[in-house]
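The values are calculated or read from the model by the stated rules, or taken from the named source; none is laboratory data. Here the structure is a predicted model, which is why all the values come from computation and not from measurement. Cβ atoms come from the backbone with ideal geometry, glycine included; neighbour counts cover every protein chain shown.
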Amino acid sequence: MSITLAKLKEQETFPEIFTANYWQSDAWKKAKEDNGCRSFWIKKNDAKVLVIERKAHFLKFWIKPLWELPRGPIGNSKNFVELIETVFFEARKKENNVGNIRIYTPFGTQIFWSNELFTEFLKNNKNKKAPEIFPTNTLMINLELEENEILAQMKQKGRYNIKLARKKGVVIEEEKDVENFWNLMLETSKRDGFRSNKKHVYSDLLQSFGDNAVLYTAKDKTGDVLASAIFTMTEGMALYNYGASTNRKRGLMAPYLLQWAGIQWAK
């Protein structure tokens, strides 16, 4: 069995069964390459997976490639097992010399295969699922609905806080520079106890996605920055990627209006 790298010109011929997946997109591939990683597609029939290659240290000084499969595969789930087996097979080849493979829960496992089946498959192949670094739950919103219909599906508190933020004078502005977002992210990560990405990761993301990404910032009447978020679009599916906020003036409910602006942008 041999590896098949999908060429860019071939991607237009892939079946429509491929689902929109931010982590399995050409834009995400480019973002990772801009950060110094090697990346490539591996495909098997009408299924494919994006592989991100990093250099990793084993036994302190022994450096070998690390392959990451970020929330893939995508395509026809009937070919997923054979596709992943192909990845394992190629990783073991001497010329690839891969030290470790990290496979994260595929996006949409509730459709393709359950978390239990996914974990069992890895176990049977003497592998285990990598610790999750991606959200394990995703809220899906049907953007074909009218805005009033989407609002009607929200809890009453959500609708109220959107109106309250507007009443209190909160405004949403699109920004190109990540400085305000970055400062809020530093505050948020310290407050909530997680480690953020480096600053350039966010700016590179916006550059890689181009018109398919937007950075919104919520400010009060005085221009004080209260919240900021990055949204992206991949093959008709929008994603709320990153959000950050300050503890100051929480009563203005800026994050609610910010997220609503993201929904409106996606529509």
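Structural remarks
- Check on Ile172, outside any helix (DSSP H, G or I), in contact (Cβ under 8 Å) with a residue 60 or more places away in the chain and outside the structural domain of Trp23 (by TED's automatic domain parsing): yes
- So Asn212, is it surrounded by fewer than 19 Cβ atoms within 10 Å (Cβ to Cβ), within 20 Å of Lys267 (Cβ to Cβ) and under 14 Å from the mean Cα position of the chain (by Cα): yes
- For the range 177-186, the candidate set comprises residues that are out of contact with any strand residue (DSSP E or B) (no Cβ under 7 Å at 6 or more places or on another chain) and of a type outside the set (Phe, Trp, Tyr); within that set, the residue that is surrounded by the fewest Cβ atoms within 10 Å (Cβ to Cβ) is Asp177.
- Some residue of the range 215-230 being among the charged types (D, E, K, R), touching an Asp or Glu at 6+ places or on another chain (Cβ under 9 Å) and surrounded by 15 or more Cβ atoms within 10 Å (Cβ to Cβ): yes
- The residues of the range 166-176 that are within 26 Å of Asn212 (Cβ to Cβ) and either exposed (fewer than 13 other Cβ atoms within 10 Å of the Cβ) or out of contact with any strand residue (DSSP E or B) (no Cβ under 6 Å at 6 or more places or on another chain) (or both), listed by number, are Glu174, Lys176.
- Summed over the range 187-228, the residues that are over 22 Å from Asp34 (Cβ atoms) and not aromatic (Phe, Trp, Tyr) give a count of 18.
- Filter result for Met140 (closer than 21 Å to Lys267 by Cα and surrounded by 15 or more Cβ atoms within 10 Å (Cβ to Cβ)): no
- Every residue from the range 150-172 that is closer than 15 Å to Lys249 by Cα and among the polar types (S, T, N, Q): Asn161
- The residue that is surrounded by the most Cβ atoms within 10 Å (Cβ to Cβ), counting only those in the range 231-267 that are small (Gly, Ala, Ser) and either within 19 Å of Arg191 (Cα to Cα) or modelled with pLDDT of 95 or more (or both), is Ala254.
- Trp182 vs. criteria aromatic (Phe, Trp, Tyr) and touching a residue at least 24 places away in the same chain (Cβ under 8 Å): no
- Residues of the range 184-208 that are closer than 19 Å to Leu226 by Cα and either touching a Gly at 6+ places or on another chain (Cβ under 6 Å) or hydrophobic (A, V, I, L, M, F, W, C) (or both): Leu184, Met185, Leu186.
- Top-ranked residue in the range 52-70 [being at pLDDT below 80 and outside any strand (DSSP E or B); ranked as surrounded by the most Cβ atoms within 10 Å (Cβ to Cβ)]: Leu59
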